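Below: the structure, in structure tokens.
Derivation of every value follows stated rules applied to the coordinates shown; laboratory data play no part. Fair warning: this is a prediction, and the values are worked out from it, not measured in the lab. So basically every Cβ, Gly included, is an ideal-geometry build from the backbone, and we count neighbours across all protein chains shown.
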Amino acid sequence: MRKRLQETALTVGAILGTLCLLGGIAAIAFGITPLVFTSGSMEPSIPTGSVAMSRTVPATDVHVGDVVSVHSADGSRITHRVDEIGTVTGNSVVLNLKGDANAAVDSEQYVVVDADRVLFSVPYLGYVVAWLSTPFAWITGGVLASVLLWVAFAPDVRRLSQPSGRHAAAASVAAVVVVSSIVGVGFSRSTATEAAPLDVATAQASITPVVLGRPASFTCANAAGSAVDLSWPNVTRATGYRLVFTPPLGANPTTIDVTPSATATTTYRPAAGLTNLLNLGDIRVTLQTVYNNFISSQSVTQTIVALTSLAYACKTAGTVTPAAAAPRSARIAEAPASTSTTEAPAPSTAATSSPAETATTTTTTVPETSAAPTTTTSAPEAQTAEPLVPDTTTPAVTTPPPPPASAFIAEGSSTSSGGYTAGVDGGSLVITDTIGRVVYEGPASSSDRYGSGAVWSSDGSLYVLSDASPVQISPAEDGTFAAVVISPAALPSDISALL
């Protein structure tokens, strides 16, 4: 009986250990991340409490309709369906996400270089996984592993004198059992994902001021000795920067505060020990700006790969430039303006033509000069017939000639205001400062009358004229530029002259 119990324990331990090891190897080799859904924003396709398996893919491989998991500006994980793909800048992409159960898209636009795309999901398995992540489950698992080892390898005093050929195999299985317990605990710490805090379909023409902005770009470069250098341009008034390193498999993130350099660019090389041997793979690096006790709500991300606990490499070496969110605000603000209409001038035209008719009918002093169509009797009778024939003639509308094309920035060219340079290239409008740092980037306008419509004003702002409402792009407090839709009446004189 004791021998049969030992063999059963060894077999169960070997099977569980092998499955856990294979799962761990697959997760590291293929970038598989388990996700537990803690809200119902993706119902009915993915119910609350489901577990989904996701794989990290480049942002440029994401398509509309994919269910992806990304990090929001505050670091929380959001898993929603891709509703729209926005601006693509290098290897970074702007994603607009929406939960299947939500009435509107998420309020935040997600600028990512990669995303965890959901492969499949298992309903309600998340409740089990969540329980396995509790301390009670860890203690219970440790006790069960100890009991399993004791049953398998406790000495039998009645068989001490009998040689056994199973000692070598038992030692191998023991290693598998111990490792399976460790890996099992690691996998039980899966990543939780939730809905974005939005379920209202409200569109308003409002501009949110940005007090502290993120760096304009984030660069990852491979360095000698299996190391990486992370660098970014300094932000005006920043007292520091915060880097959050998030390893795979739900491990706890590591937060590092970096002091700005005296030069225009700050560089940081991650030290060894950000992860352990059980959490090798992609490490998401989130960069935020710090000013005293304040941290920027916006962030920019890169991804490095932990080859070992001491060696790192860039997943995609290069620079990530987050796209500006101002163009989306401009589109929202233009919506109410596009529904407004201008009253037809027909009533005023009829009113101005009425005196002419009256003058014609009241000066009939000679019967031969009276107008035949209006009356054939005396002048008083002609006056009573006048209101029955209203004048519906609409005067011709005179369209002013278009402004000279040289007044606006042409495709493939740029102009400077002194402190900043604006250029239009490839359908994008980009504004840079004196050191070449991008302070604004958005889609360029195009119309038959104004071309790009982009023109600098003497007040230091860039204005974009089009067939719709004009847009003012002016410096913000954080050193970047922000766009806002304005009324034509608010244009400065040098710009309104071009209308």
### Message
For His71, His63, His80, which order do you get if you count the other beta carbons within 10 Å of each Cβ and list the fewest first?
### Response
His63, His71, His80
### Message
What are the ³J(HN,Hα) couplings of region 219-225, residue after residue, when phi is run through the Karplus curve with 6.51, -1.76, 1.60 and θ = phi - 60°? Round to Hz, x for glycine and proline.
### Response
10, 10, 10, 6, 10, 5, x
### Query
If you bin the C-alpha pair distances of region 44-153 every 5 Å from 0, what whole percents do you get?
2, 11, 17, 17, 15, 10, 8, 6, 5, 4, 3, 1, 0
### Query
Taking region 405-497, how much of its Cα-Cα pair set, in percent, is spaced more than 22 angstrom apart?
19 percent
### Message
Can you divide the C-alpha Rg of region 218-320 by 2.2 N^0.38 Å and report the result to two decimal places?
### Response
1.04
### Query
What relative contact order, as a whole-number percentage, does region 405-497 give when Cα pairs under 8 Å and 6 or more residues apart are counted?
18 percent
### Query
Which order do Glu7, Glu441 fall in if you start with the one that has the fewest other Cβ atoms within 10 Å?
Glu7, Glu441
## Note on the structure
Relative contact order in percent for region 457-497 (Cα pairs under 8 Å, 6+ apart) equals 33 percent
